[in-house]
Structures are given as C-alpha cells and as structure tokens.
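Remarks on the structure that follows.
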Amino acid sequence: MTVATERQLPDGRVELRDTRTVESSPLYNHDLAPVPIARRNWTTYNYAALWVSMAHCIPTYMLASGLMASGMNWRQALFTILLGNTIVLVPILLNSHPGTKYGIPFPVFARAAYGTLGSNVPALMRALVACGWFGIQAWIGGEALHTFFKTVIPGWPTLLGAGAGGHTTTEWLSFLLFWGLNVFIIYRGMDLVREVENWAAPFVLVMTARLLVWAVRQAHGFGPLIHQPGKLYPPTGSSAQLLLQRLGSDDPTSAVRAHIDLGTDDVEAEAERLVGLGAERLGPGRGWIVLRDPVGMVFCVTGNSPDDP
C-alpha cells in the first residue's frame, strides 16, 4: 500500500503531508522550508492590492511627467508605462507560480537552474536590486514627509541646522523616519505587509484622484496638456532613418559622419516644421535640407527614398 506524500487541494495548491524528510536535509532551515497551505493566506485581492501599490507610486508619476517633458504626449507616456509594467508582470507571475502552488521559496526554486551554491547569485542580485529600489522609494517618501513637515511646522527646513550632502538635517531626518517605518513593517513579517497593502491600495487610488482634481482646479483646466502632440516621431508620411553619408570638406555637415536623417514626402514642409521647433537651417544638399538642432547636432531632411551619394 502506497501512502501519498503530498496533499492537493481542488484549486491546485499542493503541500507535503510529512515534512520530516525535508527537515532532515542539511540544506533545510526554517526560512527556506516549504510554506504550508495554512500559511498561504494571500488572496487575489491581496496580490492585486500589492500590484496597485507597486505601480501607483510617486516614481511612476515622476516617470510619466519625465516622458512627457522629453517629448511624448500623454497617451504615449501612459502606454510606455503600461507596457513596461506588463512586461515586468509576465516574469513575476511565472516566477511566483512554484511558490503559489507548492509553497517553495525563491532561493530554493532557483536551485533547479543554478544549483545549491549558484542559487545564491540570483538571490543576491534580486536583493541588491530590491535594496536600490527601496532606497529610491524611501528617499522620495522622505521628501514627501519633509514637505508635509514644512507645511505644519514653521521653520522646519532649518530647524536642525544646515545638514550635509546638499540636504538639510531635517531632510535626512524625514528620510530616516520614512525608512524606519518601512523597515518596521517588513520586520514584523509578510502578514503585516499584507494588511497594510489591503488599505493602502484603495487609499492611494482615492487620494491620487482627489489630488488630480485639486491640481486641475488650481490650474484652471488641463490647458494644452491633453492636446499637446508628441515630438519624438516625424509627422504622418515620414520615417526616421539612420544613414551613413560620405561628405565632402565643403559640406556644412563635414564634421558629422553618422547622423539621423528624417525621410518625408514633403522635404520643405518638414524643414519648416523643424525650424519652428528651434532648428537652424544650414542649407540645401543633394536632394536634402541640412539643419542643426538647438544642442548643435547636424541632421538632414530627405525624401522618403533618398539616393545614396
């Protein structure tokens, strides 16, 4: 008679019935032990709340505004962020499957591909990335606390002196307060993280919506923001080409060997559009118009099917 060594639930989750064999392994410790089903208490809402909190944060808002400042319109910026989050989500879901179904921690799961010693490499790499990202988030959160304290405490920026590293002492204190709050939650374990995320996700969405309404009212509308076109691509009928041109010494672009050329159906109209955006017209070439952008880069506007010189 064969006794089953594992138990499978109708939802597909699996756990060991007897863990004594695993516990006898020299590689076993409490932190790396398989998580029993009774402790796998994260629901679909918990995972969704965690994902919302990870995606809807100040660095994401800063990224969106930075993309728009770089020339994207709001649709392109939102799509870029959505695409990036979706690309990251796919390996996260694949990577989390063994833990969700079998309760296997990541360092143990990594042994299948990297071996017992080699699995330390991806574990440490993931930890280093997490530390860096946690530092960025903690600093931005500290800046938010610093702004809050400036509002409610008169003279807060200079209250504790000039500070160091280009930041006042109170800025560093705000950072340490925010960092310490996060470390306290993490130290208390994943159950507290889950409880915090349960209310943090809807709170962030509601407060962000209120902040958006406030900002729009203060600015008396969106202004040209919604209708502002993207500037990172040529208009309809154009295409960007990277060409290597052989240039003579008498050509105004003789200092440039590789540069971006814009192919378009209407060379003159495209050149005028670029001049309106701040480019300087240097002169015509053989079937193209030579321009220089505000930072000094020389480029050409050509027909859609330029002939090589």
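Rule-based calculations on the coordinates, nothing more; no lab input. Only a predicted model underlies this, so the values are computations on that prediction, with no experimental measurement involved. Cβ atoms come from the backbone with ideal geometry, glycine included; neighbour counts cover every protein chain shown.
I need Glu143, Glu23 ordered by Cβ neighbour count within 10 Å, fewest first.
Going from sparsest to densest Cβ surroundings: Glu23, Glu143.
Please turn the phi angles of the stretch 120-137 into ³J(HN,Hα) values with the Karplus equation 6.51 cos²θ - 1.76 cosθ + 1.60 (θ = phi - 60°), one per residue in order, whole Hz, x for glycine and proline.
Values, residue by residue: 5, 5, x, 5, 5, 4, 5, 5, 5, 4, 4, 4, x, 5, 5, x, 4, 5 Hz.
How much length, in nm to one decimal, is gained on full extension between Trp139 and Ile186, taken as 0.36 nm per residue of separation minus their Cα-Cα distance?
Result for the pair: 15.2 nm of gain on full extension.
Whole-Hz Karplus ³J(HN,Hα) for the stretch 198-207, in order, using 6.51 cos²θ - 1.76 cosθ + 1.60 and θ = phi - 60°, x for Gly and Pro?
With the stated coefficients, the stretch 198-207 comes to 4, 9, 5, 4, x, 4, 4, 5, 5, 5 Hz.
By its C-alpha gyration tensor, with a ≥ b ≥ c as the square roots of the eigenvalues, how is the stretch 120-212 shaped: rounded for a/c under 1.5, else prolate for a/b larger than b/c, else oblate?
Values: a/c = 2.24, a/b = 1.30, b/c = 1.73.
The shape class here is oblate.
Which order results if Ser174, Ser53, Ser65 are arranged by neighbouring Cβ count within 10 Å, fewest first?
By the 10 Å Cβ count, ascending, the order reads Ser65, Ser53, Ser174.
Can you sort Val52, Val183, Val90 from fewest to most other Cβ atoms within 10 Å of each residue's own Cβ?
Val90, Val183, Val52
Would you kindly state how much longer the chain becomes between Val14 and Ile153 on full extension, computed as 0.36 nm times their sequence separation minus their alpha carbon distance, in nm to one decimal?
44.6 nm
Show me, for the stretch 33-45, the HN-Hα J-couplings you get by feeding each phi into the Karplus relation (A = 6.51, B = -1.76, C = 1.60, θ = phi - 60°), rounded to Hz, glycine and proline as x.
6, x, 7, x, 4, 4, 9, 8, 9, 8, 8, 4, 4
Taking square-rooted eigenvalues a ≥ b ≥ c of the alpha carbon gyration tensor, is the stretch 14-218 rounded, prolate or oblate, where a/c under 1.5 means rounded and, failing that, a/b exceeding b/c means prolate?
Numbers: a/c = 2.12, a/b = 1.66, b/c = 1.27.
Prolate.
Summing +1 for each Lys or Arg and -1 for each Asp or Glu, what net charge is found among the other residues whose Cβ lies under 14 Å from the Cβ of Leu16?
Within the 14 Å Cβ shell, the charges total +3.
The stretch 22-73 to the stretch 106-171: how many Å between their Cα centroids?
Going from one Cα centre to the other spans 16 Å.
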